[in-house]
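S.K.: I have a structure I would like to understand better, so I am pasting it below and will then ask my questions one at a time.
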There are 2 protein chains.
Amino acid sequence: MEPTDTEKRILQAATLVFERDGFLGARMQVIADEACISKASLHYYFRTKEKLFDRIFDDYTASIVPLLSTWEDGTDEWQEKVRHFVKGLMRVFSESSLLFMAQELHRDPKKLEPRMAKRRTGPNAFILYYERLRAKGLVRDTDPRPLLVAMQSICAYPSMNPKMLAGSLRMNNKEYTAFITSYADDAADLLIRMMQK
Amino acid sequence: MEPTDTEKRILQAATLVFERDGFLGARMQVIADEACISKASLHYYFRTKEKLFDRIFDDYTASIVPLLSTWEDGTDEWQEKVRHFVKGLMRVFSESSLLFMAQELHRDPKKLEPRMAKRRTGPNAFILYYERLRAKGLVRDTDPRPLLVAMQSICAYPSMNPKMLAGSLRMNNKEYTAFITSYADDAADLLIRMMQK
DNA sequence: AGTGATGCTGACCAAATAGTCAAACAGGAT
DNA sequence: ATCCTGTTTGACTATTTGGTCAGCATCACT
């Protein structure tokens, strides 16, 4: 099922518009214009707005999955794994609008369920990894769940609600973007501090 | 300008509907039904949807301001201040939908500017407080800005994107709500760990 | 009772917009 | 040339929805 050139253009245009305007704010006509085709053509490729949206939403969730393999055992020290995961997660979140995902997840919570079902076979990969480190006495002896929440929060929120944070830091958009780039390293260090003995 | 009973009912109904459905998803008819008045009456009190929305948005931002006084000097130890601030912030965020605020801030970034202008007179209160502690050698010698970002992230994100976190933790809604209650204390401890020497 | 002000409403309108459809078009195979 | 298949479009429809308006109800005051 190789996507045709037109289909690719549609997906690119739709991603742009959905991220900017949300599902409810997005207009099929605008997406069609952005893809340089007619609205009728757009409906020829994707029968409904909902179907087009689902396709894009699926691509999003898929982009996060590869990062989970970070927590598989390997030769790296756990500090290195944390740095790698934080860096990867922040890159994914800065590239694709997480606010958009949360928004649509709130609008229709059922969207995540089929996707979660696959992974729900066992506990979260980070939780398992931390428990192993904990058993070996390599990290602080504490419940890893608040750590997981803090880690995701620290990685996700800065790209999700930049306006409010930029306001708190008294920065304009440009300054904030620059700050967030260096923040990735700081965030990893803070998380390591939370975990070490 | 004492708000009448009807006006109060409208604001309550509008808050409910705006939080649940967002600005674009909210329907004036639904808000009117929820307030048990006609749609025409609703427009009698608030001429446009935008004006009604602004009123509610203003009430939100106002509810966060009192917390900022936490960082004024006082007799409390800094650890106590952190615990107090985190607890307060998480309560505010759990009571009112932060996702809704971020969403609308993204839709119309100009919303925050007039409100920010008031506070923009000086640096952020936490930053100032931390710098004073740092000068006295009471906390870790580090840039407080990543700490501020991490603090806000840790407090805000769990109530902003509960579905995704609940998924990661393999919890249902009820379990997650219970978890978040106890998380407030853990979050404060984690933040204290980030700041202490 | 009369009068004016305020609160409230049903009926209506104009604009926006997702989705449809018949017809045109392009390109390859026969 | 003819046919067939997949692609593209302009024109159209049905519905939703924010907002308006003329008029009704209620109450205070004279």
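S.K.: From the list A:107, A:91, which one is charged (D, E, K, R) and within 11 Å of chain B (Cβ to nearest Cβ)?
M.R.: Working: A:91 fails: within 11 Å of chain B (Cβ to nearest Cβ).
Exactly one residue qualifies, and that residue is A:107.
S.K.: Out of all the residues in the range B:12-51, which are closer than 30 Å to residue B:90 by Cβ and either touching a His at 6+ places or on another chain (Cβ under 9 Å) or basic (Lys, Arg) (or both)?
M.R.: B:20, B:22
S.K.: Condition first: open to solvent by less than 10 Å² (accessible area, probe 1.4 Å) and more than 25 Å from residue B:23 (Cβ to Cβ). Can you find one or more residues in the range B:103-110 that meet it? I'd like the intermediate steps shown before the answer.
M.R.: Just the residues of the range B:103-110 that are open to solvent by less than 10 Å² (accessible area, probe 1.4 Å), to begin with: B:104-105.
Right, trim to more than 25 Å from residue B:23 (Cβ to Cβ) and you get none.
No; the residues of the range B:103-110 include none that is open to solvent by less than 10 Å² (accessible area, probe 1.4 Å) and more than 25 Å from residue B:23 (Cβ to Cβ).
S.K.: Given the structure, is residue A:39 open to solvent by 70 Å² or more (accessible area, probe 1.4 Å) and within 11 Å of DNA strand C (Cβ to nearest atom)?
M.R.: On the way: open to solvent by 70 Å² or more (accessible area, probe 1.4 Å): yes; within 11 Å of DNA strand C (Cβ to nearest atom): yes.
When the stated conditions are applied, residue A:39 passes them.
S.K.: If I go through the range B:161-197 residue by residue, how many of them are in contact with a His (Cβ under 9 Å, 6 or more places away or on another chain) and of a type in the set (A, V, I, L, M, F, W, C)?
M.R.: Matching residues across the range B:161-197 total 1.
S.K.: If I filter the range B:42-71 down to residues being open to solvent by 70 Å² or more (accessible area, probe 1.4 Å) and aromatic (Phe, Trp, Tyr), which single residue comes out as farthest from the chain's Cα centre (by Cα)?
M.R.: That would be B:44.
S.K.: Separate question: Report yes if residue B:57 is more than 16 Å from DNA strand C (Cβ to nearest atom) and touching a residue at least 60 places away in the same chain (Cβ under 8 Å), otherwise no. Show your work before the answer.
M.R.: On the way: more than 16 Å from DNA strand C (Cβ to nearest atom): yes; touching a residue at least 60 places away in the same chain (Cβ under 8 Å): no.
The answer is no for residue B:57.
S.K.: While we're looking at this one, here's another question. Under the condition of being among the small types (Gly, Ala, Ser) and open to solvent by less than 20 Å² (accessible area, probe 1.4 Å), which residue from the range B:130-169 is farthest from the other protein chains (Cβ to nearest Cβ)? Before you say what the answer is, go through the steps one by one.
M.R.: The first filter runs over the range B:130-169 and keeps only residues among the small types (Gly, Ala, Ser), leaving B:135, B:137, B:150, B:153, B:156, B:159, B:166-168.
Keeping just the survivors that are open to solvent by less than 20 Å² (accessible area, probe 1.4 Å) gives B:150, B:153, B:156, B:166-168.
Details: B:150: 5, B:153: 4, B:156: 6, B:166: 9, B:167: 5, B:168: 5 Å.
Once the filter is applied, the top-ranked residue is B:166.
S.K.: Still on this model: Is one or more of the residues making up the range A:72-86 surrounded by 15 or more Cβ atoms within 10 Å (Cβ to Cβ), among the polar types (S, T, N, Q) and closer than 23 Å to residue A:123 by Cβ?
M.R.: yes
S.K.: With the structure loaded, tell me whether residue B:94 is exposed (fewer than 15 other Cβ atoms within 10 Å of the Cβ), under 22 Å from the mean Cα position of the chain (by Cα) and of a type in the set (Gly, Ala, Ser) or whether it fails that test.
M.R.: no
S.K.: If we only count helices (runs of 4 or more DSSP H) wholly inside the range A:1-66, which ones have 1 or more residues that are away from DNA strand D (no atom under 13 Å from the Cβ)? If you could, list the steps in order and put the result at the bottom.
M.R.: Numbers: elements: A:5-25, A:28-34, A:39-45, A:49-64.
Counting at least 1 such residues, we get A:5-25, A:28-34, A:49-64.
The values are calculated or read from the model by the stated rules, or taken from the named source; none is laboratory data. All of these numbers come straight from a predicted model, not from anything done at the bench. For neighbour counting, all protein chains shown are included, and Cβ atoms are generated from backbone atoms with ideal geometry for every residue, glycine included. Calculation scope for accessible area: heavy atoms of the full protein, side chains included, ligands and nucleic acids excluded. Shrake-Rupley method; radii C 1.70, N 1.55, O 1.52, S 1.80 Å.
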